[in-house]
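Have a look at the structure below before the remarks.
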Amino acid sequence: MSENKLVKAIKEKGKTMEAEMSFFDHLEALRWHLIRSSIAIVIFTSVVFYFYDWIFDTIIMGPSKPTFWTYRMLCALGDFLHRPGFCIDKIHIQLINTDMAGQFTLQINSALIIGLTMGFPYLLFELWRFIRPALHEKERKAASGFVFYATALFIIGVLFGYYVITPESINFLSGYTVSASIQNLFDIDSYLSSVSTLTLATGIVFELPILVYVLSSLGILTAKFMRETRRYAIVIIMIIAAVVTPTPDMLTMTIVSIPLFGLYEVGIIVSAVVEKRKLQRQKEAGL
């Protein structure tokens with residue numbers, strides 16, 4: 001009897017050690033995925049450092065210049081609609097640096113932010129490579145376009161944030177005053193923070209369909225629930241649009257709100273497709 005207990009204890013210990021080894025193997029695999037992602041981000045950051053003069057003048061400072069693409073398109077739209085108020089020919093912004101190492105840290109921080117943005121697709125690719133072995137074959141096929149769709153949505157969101165939300169916000173905030181006796185002088189770190197936050201936040205918000213796909217796959221979210229709560233979603237979207245675009249006009253809020261409404265509707269379609277595939281798999285399994 002005692003021998004059987006001993007054998008059983010040895011077997012249980014063996015299973016435990018095997019599980020522990022498997023856990024540490026996964027940690028080791030994750031470590032290398034993170035290392036490769038970090039190397040990619042460092043490479044992109046180094047490229048940004050090399051071309052920093054052009055990147056700073058053209059990309060980072062772009063929304064602060066009246067020659068920026070968005071302002072030129074608004075002027076063209078104003079001419080077409082015979083609304084001269086659309087045209088923005090001057091940005092009331094003066095940037096200063098108040099720290100001894102301010103411009104040095106500016107270059108490091110901005111290069112790292114842009115490098116991280118450029119390396120985001122590769123980070124998603126490494127994440128997919130880490131998750132993929134744990135999925136069944138059907139799940140792999142269903143999620144085979146994860147990297148492509150997540151990257152495409154992120155890039156579209158970043159471009160929308162950079163070319164629509166950021167210039168509108170900068171134009172409004174830089175010219176907003178409560179008194180003529182107060183002069184607006186903005187720290188360069190504050191400017192960089194505004195540009196990067198508005199741009200990257202929009203890129204992340206555009207990942208909504210991916211989030212819906214994951215939650216629907218886990219059974220947490222359904223298309224029916226999203227349809228029933230659409231009215232509440234509209235209110236939340238309008239609040240988000242009002243927060244990220246601190247401009248008083250309804251036109252800007254509408255421009256920002258329309259893509260968010262579209263993303264929500266796409267999310268409903270994604271959730272419905274996931275549910276349909278689940279039912280199909282259950283039928284095939286005879287459940």
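One table, with the values for the structure above:
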{"quantity": "Test: residue in region 150-163 that is more than 24 Å from the chain's Cα centre (by Cα) and either outside the structural domain of I39 (by TED's automatic domain parsing) or at negative phi (or both)", "calculated": "no"}
{"quantity": "Among (1) over 14 Å from the mean Cα position of the chain (by Cα); (2) at pLDDT below 90 - the single one F104 does not satisfy", "calculated": "(2)"}
{"quantity": "Hits in region 62-104 (condition: of a type in the set (S, T, N, Q) and either outside any helix (DSSP H, G or I) or surrounded by 15 or more Cβ atoms within 10 Å (Cβ to Cβ) (or both))", "calculated": "S64, T67, T70, Q94, N97, T98"}
{"quantity": "Subset of region 82-133 that is of a type in the set (G, A, S) and without any contact (Cβ under 8 Å) to a residue 12 or more places away in the chain - its residue that is nearest to V147 (Cα to Cα)", "calculated": "A101"}
{"quantity": "The one condition in (1) touching a Phe, Trp or Tyr at 6+ places or on another chain (Cβ under 7 Å); (2) part of a helix (DSSP H, G or I) that A150 fails to fulfil", "calculated": "(1)"}
{"quantity": "Top-ranked residue in region 163-187 [being free of Cβ contacts under 8 Å to residues at least 12 places away in the same chain and among the β-branched types (V, I, T); ranked as surrounded by the most Cβ atoms within 10 Å (Cβ to Cβ)]", "calculated": "T177"}
{"quantity": "Yes/no for V147 being at negative phi, at pLDDT below 90 and in the same structural domain as P121 (by TED's automatic domain parsing)", "calculated": "no"}
{"quantity": "Qualifying residue in region 210-230 (condition: closer than 14 Å to I165 by Cα, assigned by TED's automatic domain parsing to the domain that holds E265 and either β-branched (V, I, T) or surrounded by 19 or more Cβ atoms within 10 Å (Cβ to Cβ) (or both))", "calculated": "no"}
{"quantity": "Residue in region 165-181 that is part of a helix (DSSP H, G or I), within 20 Å of G119 (Cβ to Cβ) and not acidic (D, E) present", "calculated": "no"}
{"quantity": "Test: residue in region 254-271 that is outside any helix (DSSP H, G or I), on the phi < 0 side of the Ramachandran plot, surrounded by fewer than 17 Cβ atoms within 10 Å (Cβ to Cβ) and among the acidic types (D, E)", "calculated": "no"}
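The values are calculated or read from the model by the stated rules, or taken from the named source; none is laboratory data. This is a predicted model, so every value here is computed, not measured. Don't worry about glycine lacking a Cβ; one is built from the backbone with ideal geometry, like all the others, and counts go over all protein chains shown.
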